[in-house]
Every structure is written in C-alpha cells, then in structure tokens.
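The values are calculated or read from the model by the stated rules, or taken from the named source; none is laboratory data. Please read these numbers as outputs of a predicted model, since none were measured by experiment. Every residue, glycine as well, gets a Cβ built from its backbone with ideal geometry; the counts of neighbours run over all protein chains shown. For the accessible areas, the whole protein counts, side chains as well, though only heavy atoms, and no ligand, DNA or RNA atoms are used. Shrake-Rupley method; radii C 1.70, N 1.55, O 1.52, S 1.80 Å.
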Amino acid sequence: MDERVIKIVNEARWADGQMVRNRLDDITFNPMQSQEEFVMRLVRENAKTAYGSEHGFANLRTMADYRRYVPLTTYDDYLPYIERLSNGEKNILTAYLTEHISALDGYKGLPQSRWSVQTSFDYSFCAGFQIAGNHGLLANGMTLNLVDHSVERLASGMIVGNMLGRLLVRRDFEYDDVYVVPVDVGNVSDQSDILYMQALFALRQKYISLAICEHYEYMLELLRYIEKHWPGLADDIEHGNPYIEPDADRANAVREIMESHHIGTQIVGQLWPSLRCIMVYDVDQLTASFELLRTYCGKDLHFLFTGIASPEGTFSTMLNLDDPQTVLIPDSVFYEFKPKEASNYDTLLTLDQLEIGRSYEMVVSTLAGLYRYKTYKNVLVVGRYHDTPTVIIDRG
C-alpha cells in the first residue's frame with residue numbers, strides 16, 4: 001500500500017466531489033429553471049438525431065411544447081434504436097457519443113452517452129467522496145470494492161456491462177494502488193469463487209478505510225463467508241498462493257480475531273480498524289438484514305446511501321451520512337410524475353408540483369437518449385433540500 005498515492009487520490013476524489021456539491025447547491029434553489037434549461041438543451045442538441053428528427057425536436061420551442069408533442073415511451077420503443085447503436089451507428093438517440101450499454105441482472109440493457117456516464121460519475125461517485133471527506137472519513141487506507149466491474153467490448157467498440165463497475169475503474173492510474181480486490185476478479189464466473197477472492201484480498205489487507213458495494217447485502221454476505229471460511233483463508237494468507245504473497249503476521253492476526261469472535265457480532269472494527277464508511281448503491285429499502293449488518297459493523301461505522309439509480313439513469317444523489325433520503329437532480333434529468341394513485345398518464349406533474357408525503361411514479365428524459373420514459377419506479381417525497389424534493393424509494 002502506497003499511502004502517498006492514496007492521499008493524492010483521496011484529495012482528488014474530494015475535490016471532484018466538492019465541485020459537484022457546489023453545483024448541486026446552486027441548482028436546487030431554483031430547480032424549475034434548471035429543468036427548463038435541461039429540456040431545451042436536449043431538444044436543441046438532439047434535433048438532428050434519428051429520434052429527434054422523427055419526433056420534430058427542431059420545432060419545439062418550450063418545455064410545454066416538449067411535453068405536448070413528444071410521446072411517452074417504454075423500453076420496447078427503444079429496441080430498434082439500441083440495435084442500431086450496438087451495430088456502431090451514431091447520432092441515433094443522442095448527438096452525444098454513446099459509449100456504454102448498462103447491463104445488470106434483473107434490468108434491461110440501456111445505452112449510456114458520454115454525458116450520462118459523467119452524470120453517474122458526478123452524483124453516484126464523487127458526491128459520496130465529498131461527504132466522506134468532510135466528515136474526516138477518507139483516511140489513508142485502501143478501498144474495499146465489492147462491485148462487479150466486468151465488461152464486454154462489442155465489435156463496434158461499444159462497452160456492455162455494469163455502469164458502476166466502469167465508474168470504479170475510470171481512473172486507470174489509481175486502481176491497483178487504491179482498491180483491494182483486483183479488477184480481474186470481476187471476470188470470474190462462479191459466485192463462490194468471487195466470494196473467496198473478495199474475502200482473501202479483504203482479509204489480507206488490514207488498512208482499509210472505505211468500502212464500496214452495489215447492495216449492502218454484498219457486505220453482509222462477505223462477512224458471513226469470512227465467519228464460515230476463515231481458517232482456510234488464514235492458511236492461504238500465511239502461505240501465499242497464485243493470487244497473494246504470503247503474510248504470516250497478518251494470518252496470525254486474523255486467527256486471533258476470529259478465534260474469539262462470536263457469530264453475528266461486531267467484527268469489522270477488529271479486522272479493519274480504519275474502516276469508517278461504507279458507500280452503498282441501489283438501496284431500495286432497508287430490511288432486517290441491514291440491521292444485522294449494522295451489528296457486524298458497530299456504532300462507529302457510517303453508511304452513505306448514494307441515491308436512486310439504475311441502468312435507466314441516476315435520478316437522485318446523497319446529502320448526508322447515514323441518511324437514505326436523497327435529492328432529485330434538476331440539471332441532469334427532466335422529471336415528470338404520475339401520482340401513484342392515478343390510473344393513467346393523462347396528467348403528469350412537474351418537480352415543483354410534488355407534495356411531501358405523497359408517492360409518484362417517475363417519467364424521465366435523460367442525457368442517455370431516453371425521452372419521457374416510463375420508469376415504473378415509485379418515489380415517496382419526504383422533504384426538500386432548498387426548493388428541490390428529497391425522496392426515498394416507495395416499495396409499498
């Protein structure tokens with residue numbers, strides 16, 4: 001571990017995040033101005049795309065025009081366009097370079113433009129480092145990465161895979177010096193092998209200050225795996241194997257910790273004394289398993305819930321430590337909302353018309369080339385940050 005490199009990287013992470021937070025603070029005071037500007041940017045810059053030409057973007061002059069003349073869409077409406085993009089055609093859904101197709105189990109694959117990738121990087125990644133840094137949680141330790149970062153490059157040059165994993169390795173120079181689990185682990189096909197590799201590299205490294213995982217269940221699964229398999233893992237650490245160099249001192253320290261450990265009790269602080277923060281993506285709801293994870297972690301470890309995101313886009317961003325409510329992003333997504341109780345989409349509301357305590361389905365237009373797209377994702381409005389609604393996922 002090179003503490004000098006980690007310090008430089010963490011300072012860069014915090015600086016990127018501070019710029020994002022400054023921008024967020026500006027745009028959340030007058031969100032509808034940002035919404036109007038965003039829509040007109042989409043219309044203006046994408047008027048000559050295949051989709052924009054077919055739907056008369058060049059003739060749209062206001063946000064009201066956009067809402068009146070551009071139809072609501074679902075995933076099936078985009079299949080012909082996605083096929084053309086996959087074959088290497090350009091200027092199809094957006095004028096921006098389409099460089100990635102998000103693909104996750106349980107989700108449909110959707111294209112991501114360069115600007116939508118940047119939005120995800122800013123609000124799902126940099127924003128978290130700014131909050132962690134402001135609370136003194138970006139210590140000079142490594143980052144435990146429990147993220148699938150395997151990707152496939154098509155013949156056209158398009159990359160298909162998990163967007164979060166791609167963001168994690170965006171800065172190539174920092175990977176090996178900062179992250180605990182090597183990038184190649186994501187290419188292992190068997191889940192039990194992935195868990196073994198994650199546990200091996202995690203236990204081998206004492207100085208971990210931050211963990212990043214797609215779901216908090218992944219961290220819980222890792223800890224349970226260590227509880228069950230620690231004797232063999234400690235032996236591998238002591239003697240080394242094709243993946244790691246031998247380290248008898250660390251192996252003995254792991255044995256000492258685990259021999260006195262009781263199943264289901266606090267363990268994170270003993271294994272990794274510097275680990276103070278876990279950044280969690282895709283938190284739909286906090287279940288009983290989250291409380292068990294808190295027990296493993298202890299009271300001194302904090303959580304960052306990064307916001308509402310999926311292959312369809314990044315829809316909200318975090319504001320505080322240990323707080324699942326997140327704020328909508330008025331300069332990067334155009335939002336329309338169907339009241340949850342409404343039987344149709346005839347009357348859609350804008351961001352300024354939402355009421356605290358009510359639930360709405362999001363209809364979004366994004367920098368990735370989705371236009372008035374039905375997400376079928378419901379959010380509950382729980383408050384406001386400046387003049388912009390804060391939300392949590394509504395699974396009810």
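Tell me the volume per residue, in Å³, of the convex hull enclosing the alpha carbons of the range 261-396.
So the per-residue hull volume is 128 Å³.
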(request) Rank T119, T62, T326 by mean-square fluctuation in a GNM of the chain with C-alpha springs under 10 angstrom and give only the top-ranked residue. (result) T62
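With the Cα gyration tensor of the range 201-336 in hand, convert its eigenvalues to equivalent ellipsoid semi-axes via √(5λ) and list them largest first in whole Å.
Numbers: eigenvalues 229, 50, 30 Å².
So the equivalent ellipsoid measures 34, 16, 12 Å along its semi-axes.
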(request) Eight or more residues apart or on different chains, and alpha-carbon atoms under 26 Å: count the Lys pairs in the chain matching that. (result) 17
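Out of the total accessible area of the chain (probe 1.4 Å, heavy atoms of protein only), what percent is carbon and sulfur? Intermediate values should be presented prior to the final figure.
Numbers: 8170 of 16910 Å².
With neighbouring chains kept in place, the figure for the chain is 48 percent.
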(message) Using amide H atoms built in the peptide plane, which far-off residues or other-chain residues are under 5 Å from N46 H to H?
(response) none
(message) If you take every residue apart from T390 with its C-beta less than 12 Å away from the C-beta of T390, what net charge results, scoring Lys and Arg +1 and Asp and Glu -1?
(response) -1
(request) Only loop residues by DSSP count here, and only those with at most 13 other Cβ atoms within 10 Å; note down the chymotrypsin sites (Phe, Trp or Tyr not before Pro) in the range 259-356 that meet that. (result) Y345
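For D249 and E217, calculate 0.36 nm times their separation in residues minus their Cα-Cα distance, and state this gained length in nm to one decimal.
On the way: separation 32, 0.36 × 32 = 11.52 nm, distance 2.99 nm.
Net length gain for the segment: 8.5 nm.
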(request) Sticking with the crude label model, points 7 Å out along Cα→Cβ, report the distance from M19 to T287 in nm, one decimal please. (result) 4.0 nm
(message) Just want to confirm a number: the relative contact order over the chain, from Cα pairs under 8 angstrom separated by 6+ residues, in percent.
(response) 18 percent
(request) Multiply the residue gap between S274 and A342 by 0.36 nm, knock off their C-alpha separation, and tell me the result in nm, one decimal place. (result) 19.6 nm
(message) Modelling each spin label as a point 7 Å along the Cα-to-Cβ direction, I'd like the D323/E11 distance in nm, to one decimal.
(response) 2.9 nm
(message) Given the options F129, G56, Y360, identify the residue whose Cα lies farthest towards the positive end of the charge dipole of the chain (+1 on Cβ of Lys, Arg; -1 on Cβ of Asp, Glu).
(response) G56
(message) Could you derive backbone 3J(HN,Hα) for the range 273-280 from the dihedral phi with the Karplus parameters 6.51, -1.76 and 1.60 (θ = phi - 60°), listing whole Hz in sequence and x where the residue is Gly or Pro?
(response) x, 8, 6, 10, 8, 10, 9, 10
(request) With P(r) over Cα pairs in 20 Å bins from 0, in percent in mind, check (1) 26, 47, 14, 8, 6, 1; (2) 19, 24, 10, 11, 16, 15, 4, 0; (3) 27, 54, 18, 1 and report the label derived from this structure. (result) (3)
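How do E83, E36 stack up against each other in accessible area, from largest to smallest, with a 1.4 angstrom probe? Write out the running numbers ahead of the final one.
Details: E83 120, E36 70 Å².
Ranking E83, E36 by accessible area, largest first, yields E83, E36.
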(request) May I ask you to compute the full-extension gain from D352 to N59, defined as 0.36 nm times their residue separation minus their alpha-carbon distance, rounded to one decimal in nm? (result) 102.9 nm
(request) Can you work out the accessible area per residue across the chain, with the rest of the protein chains kept in place, probe 1.4 Å, in square angstrom? (result) 43 Å²
